[in-house]
Amino acid sequence: MLHPELGELGLELQGKSVYKTSVKNLSRSTVWERQRILRPNRSRAIADEKIRSASELGVTMPGVITMYLDKESGATGIIDGQHRAAALILLAQEGHWDPFARNVMVEVFHTSGEKQVMDLFCEINSAEPVRLIDMPTHDPVSSKIKLAIDEAVESLEAQYPGMWGGPRCRAPNLNADKFRNDLFESSFMTRNGLKTTKQLQRALKRANSLLMKKQNELGAS
């Protein structure tokens, strides 16, 4: 399926096409709405690491960006690689990447309807299991809870950058994605009657204060 807005068609395969696209074209693409939340801090970290490790050949970005193209509506969206795409946009904005060069590989799956996109997202992430909070859902209540958790954790990351670590970090550091999922799986918001991001933030800070108080009392005894 030819789609000029995606860039230069390089290869047609069974059920998908491969394009050479530019960051400029990529910046016009939306992220699939049921995808994991786009975390600006993660994209910033990717961009900074690419700048730091640049060789004499310049900045490079491994892997491909995966998108879908609906055969009926023509709608497109990114379903995997959204943080790398956002990092590329940052690099281009800061002069480290040519925004017009067609040097980004994009694989575009031809889909029919939302269910096929959802199935494709889950299949792509099957090698690294998708956390429950990141699984697509049509339940409006779960969607609101997920959004509140995402916003609260993102705010805490910005306020307390030193307390977060990678996937294998140890206490006292937290991994943001694991923490998000723990909050969701434990039904923390539902059990505590919380409905908004601000309510969740206040509850988390209260819980943290109680834990600190208990720790101080144990240390004093």
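The values are calculated or read from the model by the stated rules, or taken from the named source; none is laboratory data. In this text the structure is predicted, and so the values were computed from the model without any measurement. Glycine gets a Cβ as well: all are built from the backbone with ideal geometry, and neighbour counts include every protein chain shown. SASA here: full protein model, heavy atoms, side chains in, ligands and nucleic acids out. Shrake-Rupley method; radii C 1.70, N 1.55, O 1.52, S 1.80 Å.
Before moving on, here are some points about what is shown:
- Placed amide H near Ala101: partners under 5 Å, 5+ positions off or other chain: Val23
- Residue among Gln159, Gln201, Gln93 with the largest mean-square fluctuation in a Gaussian network model of the chain, springs linking Cα atoms under 10 Å: Gln159
- Listed by chain and number, the aspartates and glutamates whose C-alpha is less than 16 Å from the C-alpha of Lys146, apart from same-chain residues fewer than 8 away, are Glu33, Asp134, Glu154, Asp177, Asp182, Glu185.
- Among the trypsin sites (Lys or Arg not before Pro) within segment 40-71, those in coil by DSSP and having at most 13 neighbouring Cβ atoms inside 10 Å are Lys71.
- Taking all protein chains as they are arranged and a probe of 1.4 Å, the heavy atoms of His3 leave approximately 30 Å² accessible to solvent.
- Vicinal HN-Hα couplings computed from phi for segment 205-213 (Karplus, 6.51 cos²θ - 1.76 cosθ + 1.60; Hz; Gly/Pro x): 5, 5, 4, 5, 5, 5, 5, 5, 4
- Over the chain, relative contact order from alpha-carbon pairs under 8 Å, at least 6 apart, %: 19 percent
- Residues in segment 135-149 carry Karplus couplings, in order, of 6, x, 8, 9, 7, x, 5, 4, 5, 5, 5, 4, 5, 4, 5 Hz; the curve used is 6.51 cos²θ - 1.76 cosθ + 1.60 with θ = phi - 60°, and Gly or Pro positions show x.
- The H on the amide N of Asp80, modeled in the peptide plane, is under 5 Å from the matching H of Thr66, each at least 5 residues off or on a different chain.
- The Cα-based radius of gyration of the chain, divided by its Kirkwood radius, gives an Rg/Rh of 1.04.
- Restricting the chymotrypsin sites (Phe, Trp or Tyr not before Pro) of segment 100-170 to loop positions (DSSP other than H, G, I, E, B) with no more than 13 neighbouring Cβ atoms within 10 Å leaves Phe100.
- For Thr111, residues with placed amide H under 5 Å, excluding near neighbours: Leu69, Asp70, Lys71
- Counted charge near Ala47, where neighbours are those whose Cβ lies closer than 14 Å (Asp, Glu -1; Lys, Arg +1): +3
- Calculated on alpha-carbon atoms, Rg and Dmax of segment 157-218 in Å: 12.7, 33
- Of all aspartates and glutamates in the structure, those lying under 18 Å Cα to Cα from Lys16, and not within fewer than 8 positions of it along the same chain, are Glu5, Glu8, Asp70, Glu72, Asp80, Glu107, Glu114, Asp119, Glu123.
- Where GluC sites (Glu not before Pro) in DSSP loops with at most 11 other Cβ within 10 Å are excluded, longest remaining stretch of the chain: 95-221
- In order along segment 93-103, phi translates into HN-Hα couplings of 4, 9, x, 9, 8, 6, x, 9, 6, 7, 10 Hz, rounded to whole numbers, per the Karplus curve 6.51 cos²θ - 1.76 cosθ + 1.60 with θ = phi - 60° and x for Gly and Pro.
- 14 Å beta-carbon shell around Ser186, net charge (K/R +1, D/E -1): +3
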